[in-house]
Amino acid sequence: MIRRIFFITILCFAAFPALRADDVRFTASAPKQVISGQQFQVVFTLQNGSGSDFHAPDFPGCSVLYGPAVSQSSQVSFINGKTSRTSEYSYTYTLRAEKEGTHTFAAATVKSGGKQYSSNTLSVRILPPDKNSAPASGGNTAPQGVREPSSADEVDLFARLILSKTSAYEQEPILATLKIYLRGADYGGIEGVEMPSFDGFVSQEIELGDRQIELDNYNGYNYQTIVLRQLLLYPQRTGEIKISEGKFDLSLLVVRPIQGPFGGLLRGTQEITRTIETRPATVKVKPLPAPRPATYMNAVGSGLKLVSTLSHETVKANEAVTLTLKLSGTGNLKYMKNPEVKFPVDFDVYDPKIATDLQNTPSGVKGTRTIEYTAIPRSAGEFVVPPVEFTYFDLTTGKYKTLATQEYRLTVEKGESTGSGTVLANFSDKEAIKHLNQDIHFIKLGDLRQKKDNTFFYGSWGYWSWYIVPVLLLGAFVLFNYRRAKANSDVARMKTRKANKVATRRLKVAGKYLQGHDSEHFYDETLKALWGYLSDKLLLPLSELTRENVAAELKKYGADDDLTDRTIRIVYTCEFARYAPSQSDEAMDTLYAETLEVIGKMENVKRKNA
């Protein structure tokens, strides 16, 4: 029996090399932050390989207490009839943090299967111990300064709104970080959020993934910290912009002594709830230098690049040609204007198609903005598309910078005759395909069988109408243009008259997002429509509109208190929806209907000073 078991064991180990192993990987891991005097471990792990000739890097700022401790483990799994084997070799070093600061550990190397592998590098930040604290003993591995209180009253908890800068140019990104600091308790979760008000900014949230608890030293003490949110703020007006306080309800777990079953004291956990607030902040926004170049496209960023391509250099008349511009770099790529392309006069030009591939990062929005301009030449010849200029404000140099594309020469050959119903192809946007109607019809040939018409036209009513009707039409045209010019001269009146049309057009876009259940873009477009309407109706620049002065201006205009309150409530709901969880479709339907009703009632209000 013993010989049979030994034989089966030998067969299993002999079969291991034939089992399929995953790719060999060599990684390094260590805590991101440690406190001076604290012991910690750095582990180098080789997966699915047999290690030899291992070389560890230096550990600046630390002293090596022990290592490397080598351990080995393997695992065989059978899933869906397939067998796989994984193995791990671990090299563990025990270090003590000595020198404060951020230190980088270089990559370690190891050989496996005749090939050398390198691990990732590590960055470890060594924090100072708590002020007035005793030096750490050599065997202490617990984080210093993050002490356990004897009661819930000793919990040290606060929140900060950390701005990367408090002085910035208009449209310059500001990184806003909402961070919680905690000592003497464990983080249990967040129960309620009232975000700070970011009126005067356009905000873009940065995806953080799962919340990580890290260490940070603030005012001489070490805290557990949790980053709740990070946002990029883009100032939309100059001057001082105030950010109100935020309010957060947190659940905490506190360790406290409890009475044991035999009369002794045991360690227990108590859950408590605390409410904390961030302090208000002020950002000073500087205007961009004047004068602004004619080709400035409301773009602010750094390291922007402009690349252009032309789909064809030789085409036939009535065939489409596409000029593609690609802007890449870091900046307000989502909100900048499109460069102007000056196609020849004989070209039919269609609305550009825009596509963006953007990523929100702590340094700003990075990515590309692709713009496709489609045009159709109507006649043969040699044409020139001049260079396209694009000017942006470079935050690195503090100056305007102009980018330009190359000049394109386009040869248009005589096109084939297009019959009725022929569809022109080569469009980048297939929805833009148009049917080209013929303006010159084929000349009829053969026997025309003409006959003489004895009708006498001279002196008839028809004859005189050729003189009278044009005179009457000319007079009507002059009168119409006179009244139109007079009306257009009153800019304020024109903006007020067109306010409803502009708002209705934007609300149609919001309606499409409503049908698509896209709450984020729905609330954003509804807010833009209402702000734009109020700006035109109240004759106030968009950059000067706030909830406070809108209420006052609506009352001056003649709106009653109910209409004013409903308008402010819509603005607040749209702004709050950016930070609250996704709203229901019913709430979106109700807000959309109420916005239409408020704008409709506003149209019936007569201006007091009119």
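Considering only segment 303-410, give the strands (runs of 3 or more DSSP E) lying wholly within it that have at least 2 residues that are touching a residue at least 60 places away in the same chain (Cβ under 8 Å). Reasoning before the result, please.
On the way: elements: 314-316, 321-331, 347-349, 353-361, 364-377, 381-385, 389-394, 399-404.
Result: 314-316, 321-331, 353-361, 364-377, 389-394, 399-404.
Residues checked against (1) at pLDDT 90 or above; (2) within 36 Å of the chain's Cα centre (by Cα); (3) surrounded by fewer than 16 Cβ atoms within 10 Å (Cβ to Cβ); (4) of a type in the set (A, V, I, L, M, F, W, C):
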{"position": "133", "(1), (2), (3), (4)": "no, no, no, no"}
{"position": "143", "(1), (2), (3), (4)": "no, no, no, no"}
{"position": "149", "(1), (2), (3), (4)": "no, no, yes, no"}
{"position": "154", "(1), (2), (3), (4)": "no, no, yes, no"}
{"position": "163", "(1), (2), (3), (4)": "yes, yes, no, yes"}
{"position": "180", "(1), (2), (3), (4)": "yes, yes, no, yes"}
{"position": "191", "(1), (2), (3), (4)": "no, yes, yes, no"}
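Of the residues that make up segment 277-300, is at least one surrounded by 14 or more Cβ atoms within 10 Å (Cβ to Cβ), at positive phi and either in a loop (DSSP other than H, G, I, E, B) or not hydroxyl-bearing (Ser, Thr, Tyr) (or both)?
Yes, that holds for at least one residue.
How many of the residues in segment 344-389 are of a type in the set (Asp, Glu), out of contact with any Lys or Arg (no Cβ under 7 Å at 6 or more places or on another chain) and surrounded by 14 or more Cβ atoms within 10 Å (Cβ to Cβ)?
1
Considering only segment 222-263, state which residues are modelled with pLDDT of 90 or more, among the charged types (D, E, K, R) and either in a loop (DSSP other than H, G, I, E, B) or touching a helix residue (DSSP H, G or I) at 6+ places or on another chain (Cβ under 9 Å) (or both).
Across segment 222-263, the qualifying residues are 237, 245.
Tell me yes or no: at least one residue of segment 70-92 is open to solvent by less than 80 Å² (accessible area, probe 1.4 Å), under 30 Å from residue 217 (Cα atoms) and in contact (Cβ under 8 Å) with a residue 40 or more places away in the chain.
Yes, segment 70-92 has at least one match.
Give the residue that is nearest to the chain's Cα centre (by Cα), with candidates limited to residues of segment 503-558 that are surrounded by fewer than 20 Cβ atoms within 10 Å (Cβ to Cβ) and part of a loop (DSSP other than H, G, I, E, B).
Only one residue fits best here, namely 518.
Of the residues in segment 525-573, how many are among the polar types (S, T, N, Q) and touching a helix residue (DSSP H, G or I) at 6+ places or on another chain (Cβ under 7 Å)?
Initially, segment 525-573 is screened for residues among the polar types (S, T, N, Q), giving 526, 535, 543, 546, 549, 564, 567, 573.
Checking the rest, the ones that are also touching a helix residue (DSSP H, G or I) at 6+ places or on another chain (Cβ under 7 Å) come to 526, 535, 564, 567, 573.
Total meeting the criteria: 5.
Need the failing condition index for residue 171 against (1) over 21 Å from residue 241 (Cβ atoms); (2) open to solvent by less than 20 Å² (accessible area, probe 1.4 Å), just the number.
Exception for residue 171: condition (1).
Can you tell me which residue among 394, 348, 357 is of a type in the set (Asp, Glu) and either closer than 19 Å to residue 170 by Cα or out of contact with any strand residue (DSSP E or B) (no Cβ under 8 Å at 6 or more places or on another chain) (or both)?
Values: 348 fails: either closer than 19 Å to residue 170 by Cα or out of contact with any strand residue (DSSP E or B) (no Cβ under 8 Å at 6 or more places or on another chain) (or both); 357 fails: either closer than 19 Å to residue 170 by Cα or out of contact with any strand residue (DSSP E or B) (no Cβ under 8 Å at 6 or more places or on another chain) (or both).
Going through 394, 348, 357 in turn, the sole match is 394.
Select from segment 202-221 the residues that are in a strand (DSSP E or B) and either more than 30 Å from residue 169 (Cα to Cα) or in contact (Cβ under 8 Å) with a residue 60 or more places away in the chain (or both) and list them in ascending order.
The answer is 202, 203, 204, 205, 213, 214, 215, 216, 217, 221.
The values are calculated or read from the model by the stated rules, or taken from the named source; none is laboratory data. Quick caveat, the model's predicted, so the values are computed rather than measured. Backbone-built Cβ (ideal geometry, glycine too); neighbour counts: all protein chains shown. What goes into the accessible areas is simple: the full protein's heavy atoms, side chains included, and nothing from ligands, DNA or RNA. Shrake-Rupley method; radii C 1.70, N 1.55, O 1.52, S 1.80 Å.
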